[in-house]
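The numbers here are math on the coordinates, done by the rules we state, and not lab data. Quick caveat, the model's predicted, so the values are computed rather than measured. No Cβ is skipped: glycine too gets one built from the backbone with ideal geometry, and neighbour counts run over all protein chains shown.
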Amino acid sequence: MNLVSNPLLVTALMLAVSNLFMTFAWYGHLKNFASSPWYIAALISWGIALFEYMIMVPANRIGYTAMDLGQLKILQEVITLSVFVPFAVLYMNQPLKWDYLYAALCLMGAVYFIFRA
């Protein structure tokens, strides 16, 4: 199977990359620009978010060829948590909490219900 011929895999990989950009845009300024005025952080975040959108929009278009809108959204939520937890723990030095596991279990339920035939 060719990677490019699998829209689900291509979409998931592209959404993971775009989500990494968006996580930095949304939360990275809390660490890197904490002493800067909010509008400086907002401008920098918008610049980072531009790259996120440049990846996310085509990812959603590709994904929509193989999934319905609800499936695409739940896939995005799973990826969001998968990117956010390592970011919070490793980059932002937040403690690893059991709540992340509980959230992941809830998302597993969402995946089951939205992807079942």
- line: Simple spin-label estimate for residue 53/residue 5, 7 Å along Cα→Cβ, in nm, reads 3.5
- prompt: Given a Förster distance of 25 angstrom, what is the FRET efficiency for residue 104 paired with residue 71, based on the Cβ-Cβ distance and rounded to 0.05?
  reply: 0.90
- line: Under the 7 Å Cα-to-Cβ spin-label approximation, residue 93 and residue 27 lie apart by a distance in nanometres of 1.6
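Which helices, taking whole DSSP H runs in the chain, have alpha carbons extending 24 angstrom or more along the helix axis plus mean Kyte-Doolittle at least -1.0?
38-63, 69-86, 98-115
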message: From the C-alpha coordinates alone, can you work out the Kirkwood hydrodynamic radius of the chain, in Å?
response: 15.5
Distance from region 1-78 to region 82-117 (C-alpha centre basis), Å: 16
